[in-house]
Amino acid sequence: CTGDSKWADLLETVAFNGLPAAISDDMWAHQYDQMSNQISCDFEAGKFYAIVGQSGSGKSTLLSMLAGLGTPDEGEVLFKGKSVKEIGSECHRRENVSVIYQAFNLFPTLNLLENIMYPMQIQKGPKVEAKSRAEGLLGLVGLGDVNPRKLPAMLSGGQQQRVAIARALASSAPVILADEPTGNLDSKSGKIVIEALNRIYQEYKKTIVMVTHDPQVASNCSRILFLKDGVILDVLEQKQGQEQFYQQILGRMADL
């Protein structure tokens, strides 16, 4: 994988055409979502997006295509104008996107620091630097007071998801893709996770694309795509504050 990993205010464009697509990657939670109609959409750098829709509407398929975990039957996925197929799916996931899964997908035999250091080690960064950065990322997601030598199973679900967010940040990829990051959490833990994502979006200017079915969670985003049967019904943008945006989302979800 070669090329400059730095990025500017460009558009990351995804375009899909046509037929149902099955996801072959075992790590993805929803392997047989369908996208039965043409989809064409742009994700602008530095924005926080939510993809909202009922089960089977194509949310996870869209996210998996963005991650290079699935291949559209027709059309293509573009990153900065270059096809993901041309970039290479492994290179795309290593350099351009990081994925946060609903089920956390932390390595159970690695401690917290080792889990967060893993993307940096793949990129062959210095170990001392990787360790220092991992410790800093634990603090960023509110886990600075937790023993970094603990294994994931020793943490609550909310804490594990925050470790997963820290790991996603460790790769320095400009885009974070989150598949129902609060789906397995209670409301208190979910709120903490969304606050962490919001902080990353605001302070690090990351592009975040998140799948969710929760209107309260979605109201934290700057833009929302509403999907139904593989079709984008509408796109909403937050303009007048979170509470008003939440009410708009509730009204639009009634049509899904």
(Q) Let me confirm something: among VAL217, VAL193, which residue is buried (at least 22 other Cβ atoms within 10 Å of the Cβ), of a type outside the set (Gly, Ala, Ser), at pLDDT 90 or above and closer than 27 Å to LEU113 by Cα? (A) VAL193
Q) Does ARG149 satisfy the condition of being modelled with pLDDT of 95 or more, loosely packed, with under 15 Cβ neighbours inside 10 Å and in contact with a helix residue (DSSP H, G or I) (Cβ under 8 Å, 6 or more places away or on another chain)? A) yes
(Q) Given the criteria of a type in the set (A, V, I, L, M, F, W, C), crowded, with 18+ Cβ neighbours inside 10 Å and touching a Lys or Arg at 6+ places or on another chain (Cβ under 9 Å), does MET65 qualify? (A) no
Q. Got at least one residue in the range 46-68 being assigned to a strand (DSSP E or B), of a type in the set (Val, Ile, Thr) and within 17 Å of ALA178 (Cα to Cα)?
A. yes
Q. Out of ALA173, ALA178, ALA168, which single residue is buried (at least 18 other Cβ atoms within 10 Å of the Cβ), on the phi < 0 side of the Ramachandran plot and part of a strand (DSSP E or B)?
A. ALA178
Q: Test each condition in (1) surrounded by fewer than 21 Cβ atoms within 10 Å (Cβ to Cβ); (2) touching a residue at least 24 places away in the same chain (Cβ under 8 Å); (3) among the charged types (D, E, K, R) for LYS59 and report the one that comes out false.
A: (1)
(Q) Take LEU138 and tell me if it is more than 30 Å from LEU256 (Cβ to Cβ) and either of a type in the set (A, V, I, L, M) or part of a helix (DSSP H, G or I) (or both). (A) yes
Q) Restricting to the range 224-256, what's the tally of residues that are assigned to a strand (DSSP E or B) and crowded, with 17+ Cβ neighbours inside 10 Å? A) 7
Q.
When you scan the range 77-90, do you find a residue that is buried (at least 18 other Cβ atoms within 10 Å of the Cβ), within 13 Å of the chain's Cα centre (by Cα) and either part of a helix (DSSP H, G or I) or not β-branched (Val, Ile, Thr) (or both), even just one?
A. no
Q: Find the residue count for the range 72-122, including only residues that are under 19 Å from ILE208 (Cβ atoms) and in contact with an Asp or Glu (Cβ under 6 Å, 6 or more places away or on another chain).
A: 3
Q: Could you check, for the range 104-117, whether at least one of its residues is more than 15 Å from ALA173 (Cα to Cα), under 15 Å from the mean Cα position of the chain (by Cα), hydroxyl-bearing (Ser, Thr, Tyr) and in a loop (DSSP other than H, G, I, E, B)?
A: no
Q. Looking at LEU233, LEU151, LEU227, LEU256, which one is over 15 Å from the mean Cα position of the chain (by Cα) and farther than 16 Å from ILE51 by Cβ?
A. LEU151
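The values are calculated or read from the model by the stated rules, or taken from the named source; none is laboratory data. Since we're looking at a predicted model, the values are computed, not measured. Because the Cβ atoms are built from the backbone with ideal geometry, glycine has one as well, and the counts that use them run over all protein chains shown.
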